[in-house]
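Below is one structure, written out as structure tokens; comments come after it.
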Amino acid sequence: MISTVFILELRFDWIERAVGAYLVTTNAVRPESGAIWEQGKQTVAARQTLEQIVADRQAIQREARGATTFNQIAANVTPGQGVMLSADHFRNLYLNLPPEAGREIISAYELLRLASQGHWRRSYFEKAGDGLMVYLLDAGNRVLRQLKITSDVLLNLERQQLAPVETLEGLAYFENRIYTAAHFFEALEAFPEEVRRNMLPNPESLLQVPGDIVRVGISDEAVSGFIELGFEIVDGSRRKVILIKGHEWAVWRLRTYLEGKKRNAEAPADPAKKWTSP
Amino acid sequence: MTFGARFIRRLSSIFYLALVLAGGGALAVLALFFIAVRELPRVPEPLSRIIETPPTEIFAATGERVMVIGGREAIPLSRVSPHFIQAVMATEDHRFWEHHGVDKLRTLKALWVTLFTPGEVQGASTITQQLAKNLFFSYQRTYMRKFRELLVALQIEAQYDKGAIVEAYVNQIPFGVGAHGIEQAAQSFFGKSAAALTLAEASLLAGLPKSPTRYNPYLHFDRAKNRQRVVLARMVAVGAISAREAQDAAGQALHLQPRGAGTCTGSYFLDVVLKELEERYGPEVVYHGGLKVMTTLDPQLQSWAVESVQNGLIKLDALLGVAGSEGERLDSVDTRPQVALVAVETNCGAVKAMVGGRAYSETEYNRAVQNNRLPGSGFKPFLYYAVFEKLAVSPATVAVDQKIKIPVVGAADWQPKNFEGTYDGPMILKRALMESVNSVAAQLVERVGPDAVIEVARRCGIKSPLTPVYSVALGTSGVSPLEMASAFATFATGGIRHEPFFIRRVEDPLGRILEEHIVGGKRALDAGVAYQLVDMMQGVVNTGTGAIVRRMGFDLPAAGKTGTSDDYHDAWFTGFTPNLCASVWVGYDRGVGMRDTADRGIGGARGAAPIWAEFMIHATDGEPPREFTIPSDIRFENVDAVTGRAAGQWSPQAVRVALREGQQLKGEGETF
């Protein structure tokens, strides 16, 4: 009988077949162990790591693509993880800036020159301290121009962007320095044109805003030689504040003049003689 | 009891005993089976999953794929030469198509030989068992491991058809030299696809898996050839080929790829790339993540770099009297000089080519980045820049080449000597650099101070530790060829420093960008002063210590500087055109001076500059001459090389010098 079993096994391999078939049924519950599974696990782990890197990068990139201000971009980038945007996107961000703020970052003329040369394709933003470093790049990722947007500039921009939803009282740095529009412009009138240009460098931007200016605030902080002026505008039932920066030395004189008037209710007889341009 | 009855009784006792033993054995096997099954690994479904690991691919700047890491070059059986499949079957498992995972007859025979032939162990693993072993088990030899391997083989046979098993097998067999699977092996050993393997090649490869190290054809060609004959004999024995075909195949010459050529020519470069990637993403992602890495490598430049280095070494070996046959060379790496070459694109810092040694297959130590060797006079441009920037001197200022002794606080006086041992008296600084006069350089560093020299070197990108002693100006602190090439590129760009880089872009397997290199430059040097150095280093190449470059036929505008350390331990030449900067170092690893058979020292001009020249001739082939950009504050004057006074153009000693705005020629006799 044993011989028969042995011969049948030699002929038909029934033990191998039976064992193999049994093992197939238990395959699903057996451990994923051994060299090939270890390699597979490493592949899975590597893929997960990569997915995480890509997801983080894409999230930052997505946020940046939706950004309409430099501050929104600055809030997204982290050290070692910058964002790449198109040249057009940078132009739009730039055009959203008040002209004087834009000039602090790069002159519009220079931007025009870069654009006209036809090499500028993309812009890369990376964290630089509390500010931003922006690289304007050509198609080969060569830096055409490197711009630094300091934390001061970002702070100013943030104020300007927040201001439209606030009244002057909502901005603490105008506290105790809020004047009626009539008083303010009366005082402004008292200075020669060149001084006024330094106090309010871009009055045309105010003219473009619909509504009436009712109050003006002068900031108590000077940043990089400039002091902010806030113009509270009433347009029907809506109020908003437009921020403009004036040169520190000129605004300081204006404020002194306004404070003096407040105290004395008197203006100098001939301010043009007293206040001379630098 | 009769004899017959006793006999039957005894026989039945033996029978029952055998039955009990057989039953006991069967129970033991059954118990062993269930014990083994408990930790049996799961078999992947489908089996092709074993080759699903995405490879990390590294591409050259031209888009050409230069390296694949991990992953397997898995190919269907239809793309494997039938010769190879027949050879493997005949050698490893000729009853593969008949059995169900185990070849019982062969196993019994092997068991018999192992048990009853002293000192001989015979294996009987089928292809399926080998596949199971390679996929799941270590190479530890235990009976339990062997039993589990057998069980997995039985399952694989029950679960998959024979074609799938063979396909999985040929795609994962280790052949040695880092080749896994037949496609990689065919590419590595013969530089062709698996489909194109001839009978001779297929039979050689089929013999390797038995012991990839023992039969490595690069190291033991005769053994590999003998093994090939065994494979061919097996093929004849199983009727796969005729004896005549076997004889023909055995007689055919085998053209193996040059050693290491199957991997790639830029292996030193790729090592740097891999190291950078590992630092950024970790080894797991690099080797299992399937990254796509775009590098700065220019394969054409790389192959010229390799060729120039090899040609240069042949000449150098001959000069040194260490040349030998190729066979001798493999065993005598340490007795021959080594080499490094790095080429950098000046206007962005992209590393285009890198050779880190004589041969990657002999030594993987990358002398282009890891070696800090003394640059000798190659460091003088940093000294002259510091002098021009900080002191009121110009290239036309006269210094006196004479024996000097410079007192050093707390140490013996410093008495640097000229290389040739002679002193030429008064000469302008441009000539002093062109002729690499040490005594003048020593006077300059005494005036400007070693810290100023180090500061300039740092601005140019030298990162190695530099000792603030006078001799630093004569290159007594070690630097790497990569640092030198990158630092000299700062002169070529008029003072704009670009950080050298190897990786342009990294993508994940789906092509999503993980990082991009931003090519930003930073002004490190004044454009006017940097140009004065360029002009002086043009003099080095045109008529100075590097004039061999011109004699070898390189005629594009170029600047550079030779360097030789004490006792000819190191020979350097670092030079550049407006577009490309390359640094070449040659020397012994073990710190022995290089002297020719006539006992003359071999310095930068004889050892390194010829390699540089040959490389640059190829690298710039077809390029139109392009002059270095001359800053607006530079004007040229012809001066007498000895007196520094204005000289007519045709004066025999006239040298053209570049002067910055405000720099005047001194009167006769005024010296530095």
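When ranked by the protection proxy of mean other Cβ atoms within 10 Å per residue, highest first, what sequence do the peptides B:176-183, B:597-604, B:14-21 form? If you can, show how the numbers build up before the last one.
Details: B:176-183: 21.2, B:597-604: 16.1, B:14-21: 10.5.
Peptide ranking by packing, descending: B:176-183, B:597-604, B:14-21.
How large is the charge dipole for region B:129-245, taken about the Cα centre, if only the Cβ atoms of Lys, Arg (+1) and Asp, Glu (-1) carry charge, to the nearest 20 debye?
Values: 15 positive and 8 negative charges, 113 e Å.
With Lys and Arg at +1 and Asp and Glu at -1, about 540 debye.
Straight-line cross-link partners of A:Lys261 among the lysines, defined as a Cα under 24 Å from its Cα and at least 8 positions apart when in the same chain: A:Lys245, A:Lys273, A:Lys274. The lysines whose alpha-carbon is closer than 27 Å to the alpha-carbon of B:Lys109, local same-chain residues fewer than 8 away aside, are B:Lys133, B:Lys146, B:Lys162, B:Lys210. Among B:Thr107, B:Thr493, the order by Cβ neighbours within 10 angstrom, fewest to most, reads B:Thr107, B:Thr493.
Once a ≥ b ≥ c are taken as the square roots of the eigenvalues of the Cα gyration tensor of region A:69-153, is the result rounded (a/c under 1.5), prolate (a/b larger than b/c) or oblate (a/b not larger than b/c)?
Numbers: a/c = 1.83, a/b = 1.16, b/c = 1.58.
Oblate, because a/c is 1.5 or more while a/b does not exceed b/c.
With a 10 Å cut-off around each Cβ of B:94-103, the average count of Cβ atoms from other chains is 2.
With both labels modelled 7 Å from their Cα along Cα-to-Cβ, the A:Glu38 to A:Glu193 distance reads 8.5 nm.
Figure legend: label point modelled 7 angstrom from the Cα of B:Asp413 along Cα→Cβ; residues of region B:461-482 with amide N under 18 Å from it are B:470-471. Per-residue ellipticity at 222 nm, computed for chain A from helices alone with -39500 (n - 2.57) per DSSP H run of at least four residues, works out to -15500 deg cm²/dmol.
For peptide B:157-164, how many partner chain Cβ atoms fall within 10 Å of a residue's Cβ, on average?
Details: counts 5, 11, 5, 0, 0, 0, 0, 0.
That average works out to 3.
Need one word for region A:2-50: rounded, prolate or oblate. Basis is the Cα gyration tensor (sqrt eigenvalues a ≥ b ≥ c); a/c below 1.5 gives rounded, then a/b vs b/c decides. Because a/c hits 1.5 or more and a/b exceeds b/c, region A:2-50 counts as prolate. Residue by residue along B:503-516, Cβ atoms of other protein chains within 10 Å of the local Cβ number 3 on average. For A:Thr180 and A:Ser205, the FRET efficiency from 1/(1 + (r/R0)^6), where r spans their Cβ atoms and R0 equals 22 Å, is about 0.60. If the segment from A:Thr69 to A:Ala115 were pulled out straight at 0.36 nm per residue, it would be longer than the present Cα-Cα gap by 14.5 nm.
Could you check the spin-label model distance between A:Leu8 and B:Lys315? Points 7 Å from the Cα along Cα→Cβ, value in nm. Result: 8.4 nm between the two label points.
Coordinate range of the alpha-carbon atoms in region B:72-251 per principal axis, descending: 41, 36, 31 Å.
Think of chain A as a dipole: +1 on every Lys or Arg Cβ, -1 on every Asp or Glu Cβ, centred on the Cα centre; then among A:Gly230, A:Pro203, A:Ser116, A:Ser116 lies furthest on the positive end.
Estimated translational diffusion coefficient (Stokes-Einstein, Kirkwood radius over Cα pairs, 25 °C, 0.890 mPa s) of chain B: 83 µm² per second. The order of B:Glu637, B:Glu483, A:Glu204, going from fewest to most other C-beta atoms within 10 Å of their C-beta, is A:Glu204, B:Glu637, B:Glu483.
Coordinate range of the alpha-carbon atoms in region A:166-274 per principal axis, descending: 41, 31, 26 Å. Rounded, prolate or oblate for region B:290-402? Axes are the square roots of the Cα gyration tensor eigenvalues, ordered a ≥ b ≥ c, and the cut-off for rounded is a/c under 1.5. Here region B:290-402 falls in the oblate category.
Which links in B:Lys292/B:Lys463; B:Lys380/B:Lys463; B:Lys225/B:Lys315; B:Lys225/B:Lys275 stretch past 26 Å when you go from one Cα to the other?
On the way: B:Lys292/B:Lys463 30 Å; B:Lys380/B:Lys463 17 Å; B:Lys225/B:Lys315 34 Å; B:Lys225/B:Lys275 38 Å.
B:Lys292/B:Lys463; B:Lys225/B:Lys315; B:Lys225/B:Lys275, as the Cα separations exceed 26 Å there.
Loop-located trypsin sites (Lys or Arg not before Pro) in region B:451-541 (DSSP state not H, G, I, E or B) with no more than 13 neighbouring Cβ atoms inside 10 Å: B:Lys463. Restricting the calculation to Cα atoms, every distinct pair contributes to the Kirkwood radius of the protein assembly as shown, found to be 35.1 Å. Taking Cβ atoms as reference points and 14 Å as the exclusive limit, the residues near B:Val469 contribute a net charge of -3, counting Lys and Arg as +1 and Asp and Glu as -1.
How would B:Trp572, B:Trp112, B:Trp304, B:Trp650 line up from fewest to most surrounding beta-carbon atoms within 10 angstrom? Spell out each step's value before the answer.
On the way: B:Trp572 34, B:Trp112 11, B:Trp304 21, B:Trp650 7.
Going from sparsest to densest Cβ surroundings: B:Trp650, B:Trp112, B:Trp304, B:Trp572.
Each Cα pair under 8 Å and six or more residues apart adds its sequence gap; the mean of these over the residue count of region B:72-251 is a relative contact order of 27 percent.
Build a GNM of chain A with springs between Cα atoms under 10 Å apart, and of A:Ala45, A:Ala74, A:Ala59 the one that fluctuates most is A:Ala45. Annotation for B:Thr543 and B:Phe34: the two label points, set 7 Å from Cα along the Cα-Cβ direction, are 9.9 nm apart.
A short reminder: the numbers here are calculations on the coordinates, not readings from a lab. Computed from a prediction, not measured in an experiment: that's the story for all the values here. Note that we place each Cβ from the backbone using ideal geometry, even for glycine, and neighbour counts take in every protein chain shown.
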